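Read the figures in this text as sums done on the coordinates, not as results from a lab. Worth saying up front: this structure is predicted, and the values here are computed from it rather than measured. When we count neighbours, we look across all protein chains shown, and the Cβ atoms used for this are built from the backbone with ideal geometry, even at glycine.
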Amino acid sequence: MFWQLPPVARYPSNMDTKAALAYVREFLRIYWANEHAHEAWSRQLEAEHDLTAKQYGLLRAVERSSDITTTSLTELLGKAQPAITQMLNRLEKNGYITREVNPADKRKRELKLTKKAEKVLSTVEPVGPTRVALALEHSNDREAGQIIKAMETVSDWMTKRKVSK
């Protein structure tokens, strides 16, 4: 069956099984606590401000960079260009951003936060990916490097392993 774990000998461990399982339990405890906190925060954000967590992240990105592009937002948020455009349309309709023609290049639109967006960003404490971004911004190079390396290790194990037949 595809969900069964592969034989232990197939992936040699760097530690004994008991220690490894303790780390797995602790990792999953933290992971699920973060997931639940983010889901609760997202529901509250949507109920109180009519904003999704992704839209909130987009507002934070605009807040940090006065010349951010739609292309940059697609990379940052992991969404396709049409999805970003839809998000921007909704944010503009709901009074969170304005899109103004760039005086130097009429083909470009500048994203500007409204007072409504600034108020939300000053009062709503982020949770989840936006919080991680803030933590990385306030880490030193060594700490940020360790976090990235650990995430790469987890990602490699989650995405690059093949299902055995």
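Of the listed pairs LYS79/LYS160; LYS108/LYS160; LYS93/LYS149, which have alpha-carbon separations greater than 32 Å here?
LYS108/LYS160; LYS93/LYS149
Give the label of the value calculated from the structure for Cα extents along the principal axes in Å, choosing from (i) 90, 56, 33; (ii) 63, 37, 32; (iii) 42, 36, 32.
Entry (ii).
How large is the helix-only mean residue ellipticity at 222 nm for the chain, computed as the sum of -39500 (n - 2.57) over DSSP H runs with n ≥ 4, divided by its residue count, in deg cm²/dmol to the nearest 500?
The helix-only estimate for the chain comes to -20500 deg cm²/dmol at 222 nm.
Which peptide among 30-40, 148-158 comes first, and what is the full order, when sorted by highest mean count of other Cβ atoms within 10 Å?
The densest-packed peptide leads the list: 30-40, 148-158.
Apply the a/c threshold of 1.5 to the C-alpha gyration tensor of the range 53-147 and tell me whether it is rounded, prolate or oblate.
In terms of gyration-tensor shape, prolate.
Count charges around LEU76 for me, please; just the other residues with Cβ under 12 Å from its Cβ, Lys/Arg as +1, Asp/Glu as -1.
That sum, taken over residues with Cβ under 12 Å, equals +3.
Give, rounded to the nearest 20 debye, the magnitude of the charge dipole that the chain has about its Cα centre when Lys and Arg contribute +1 at Cβ and Asp and Glu contribute -1 at Cβ.
It comes to approximately 540 debye.
What is the distance in Å between the Cα centroid of the range 17-41 and that of the range 52-100?
Rounded to whole Å, the Cα centres lie 30 Å apart.
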